[in-house]
Every structure is written in structure tokens, then in C-alpha cells.
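In what follows, a single structure is set out as C-alpha cells and then discussed.
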Amino acid sequence: MLEPLYLQLAQHDVLSDAERSMLAQVVSGGKEFSVGQDLVSEGSRPIYSTLLVEGLAARYKVLKSGGRQFTSLQVPGDFVDLHAFLLKTMDHGIVALSLCRVMFADHTKLRVITEKAPHLGRLLWLDTLVDAAIHREWIVAMGRRSKVSHLAHLICELFIRLQVVGHTNGTSFKLPLSQAELADVLGLSVVHMNRVINSLRKSAAVNWASHTVTIVDWRLLAEMAEFDPTYLSMTNEPR
């Protein structure tokens, strides 16, 4: 069950057998969440951090008007709220966009990692830094990219992140989001979202049907998105 986490951390630096063993001792339990359920609720004060091992989830904020904005998507291998270890109170919610299976890391055990396994602690710290980098890219996309470019960038990002944890099939991956949920990612109306998806389909960069996205021309898609994966820190080097 921890393989997605191992794969993700090992993408950044060598993960020793001892570190894998320590993670296996820290992360335990298990729970399933159905579509629409909160994995973590805004305002909560979790005493553990939640590891997504299967499914797709999203960080979100809701305005008083009822409008919802997704601020990132979470894939298997992500600690969806590792930052809660230090921030304590959640200022946003995390919702399941598909059937999600999770495991938990007690904060007292995470503290032991930071004190007794500094290299592993740095790798987990890097996990939160990549989260921050993803947020920066999403802000740029929201504010400065065309909506078609924004969607193309999202597909590039998800493909690479899912590929790392073995959740792609060739150049295809599952994207179980409704148009309304995609609209909450891009900050659009559902009608406008439909037009953006159709425009991307017409570009011949992707095939998109039945919640499966197939990248037909990566070079074209990356060019449309102005995609540079540097922010995902996928190089394996000493940390």
C-alpha cells in the first residue's frame, strides 16, 4: 500500500531500506472515502497526516456565495495534509473526487522522523515544498495563461505525477472529473469549461473520452502549455 509513497520519494533521492521500514512503522491503518466526502475538513485540527494511496482528491475553498475553487489535485503517494503537522489548524478542505483509499501517519511518530532520521525528514519536507511549487504554477496559470493553455498545463502535470507512481498506461491516464469539477479547477462556468475542453480536443494534442485522457502529441501539448516540469523537482539527487 505504501509503494506510491516510496516511488514518489525515491524520485527525488535514494530512499534506503531503513527509511522504507521507518515509514512502514509510521504509516498505518486505512480508510475509504466515497466521491464528495472530505478526507480532511476545513477548520479541523488533525493529529495525524493523511496519505492518499489510491484515487484522486482535491484541496478546495468555498466562498460564502457557495462558489468553490480547487487549489490543487492530489494523486496516490501524496500526503494531502503533511503541512498540518506544523500548521495545526486546516485552513482548507480536501475532498475525494473518486473512491479514495488513505492511510494515516500519527504526528507524534512524524516528530520522531524529524528528530532521528534527518534525511527522511528532508524528503518529507521536500514533499511540502513541491506542494508549494504546484500552487505557484496554478496561480500563474489562473492569472496569465489562456484557458486552453491552463488545461493543457494541468494535463501535463497530472500525467507526469501519475507516471511516477505507476498510474498511467502508456500515454493515457484516468481523469475521473466531471466538467463541473474541472470548472472548479480552472475557475470557469461549466458552459465555458465545455468550450475549453472542445478546443483542446480540436488541437489534436490529446484524445479525451470516458474520463480517459490520451496524449497524442506530447511536444504539441507541452508547447501549448509552456510546460516546464522543473517545479516538480523530479531529478534524483542528494537532498
Failed item in (1) open to solvent by less than 50 Å² (accessible area, probe 1.4 Å); (2) free of Cβ contacts under 8 Å to residues at least 40 places away in the same chain, with I134 passing the rest:
(2)
Among residues of the range 179-234 being among the polar types (S, T, N, Q) and in contact (Cβ under 8 Å) with a residue 40 or more places away in the chain, the residue nearest to D131 (Cα to Cα) is S233
What number of residues within the range 137-149 satisfy the criterion of being among the aliphatic types (A, V, I, L, M) and open to solvent by less than 20 Å² (accessible area, probe 1.4 Å)?
1
Name the residue that is surrounded by the fewest Cβ atoms within 10 Å (Cβ to Cβ), counting only residues in the range 20-46 that are within 21 Å of L123 (Cα to Cα) and in contact with a Phe, Trp or Tyr (Cβ under 9 Å, 6 or more places away or on another chain).
S28
Suppose we filter the range 2-12 for residues that are within 13 Å of G121 (Cα to Cα) and surrounded by fewer than 17 Cβ atoms within 10 Å (Cβ to Cβ); how many remain?
0
Mind checking which residues of the range 47-73 are open to solvent by less than 50 Å² (accessible area, probe 1.4 Å), under 21 Å from L177 (Cβ atoms), under 14 Å from the mean Cα position of the chain (by Cα) and not hydroxyl-bearing (S, T, Y)?
L52, V53, G55, L56, A57, A58, R59, F70, L73
Restricting the first residue to the range 70-90 and requiring it to be in a helix (DSSP H, G or I), which pairs with a second residue that is modelled with pLDDT of 95 or more meet a Cβ separation below 7 Å and a spacing of at least six or different chains?
A84/P46; A84/S49; A84/M90; F85/S49; F85/H107; F85/L110
Give me the pairs, please: first residue somewhere in the range 41-53 and at positive phi, second residue anywhere and exposed (fewer than 14 other Cβ atoms within 10 Å of the Cβ) and in a loop (DSSP other than H, G, I, E, B), beta-carbon distance under 7 Å, and either six or more positions apart or on two chains.
G43/T89
Of those in the range 183-200 that are assigned to a helix (DSSP H, G or I) and open to solvent by 50 Å² or more (accessible area, probe 1.4 Å), the residue farthest from Q11 (Cα to Cα) is V191
Check whether at least one residue in the range 126-149 is under 17 Å from Y48 (Cβ atoms), touching a strand residue (DSSP E or B) at 6+ places or on another chain (Cβ under 7 Å) and not hydroxyl-bearing (S, T, Y), and report yes or no.
yes
For the range 201-215, name all the residues that are surrounded by 14 or more Cβ atoms within 10 Å (Cβ to Cβ) and more than 22 Å from the chain's Cα centre (by Cα).
S203, A205
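The values are calculated or read from the model by the stated rules, or taken from the named source; none is laboratory data. Everything quoted here is computed from the prediction, not taken from an experiment. Here Cβ is always computed from backbone atoms with ideal geometry, including for glycine, and neighbour counts include all displayed protein chains. To get the accessible areas, we keep the full protein, side chains included, count just its heavy atoms, and leave off ligands, DNA and RNA. Shrake-Rupley method; radii C 1.70, N 1.55, O 1.52, S 1.80 Å.
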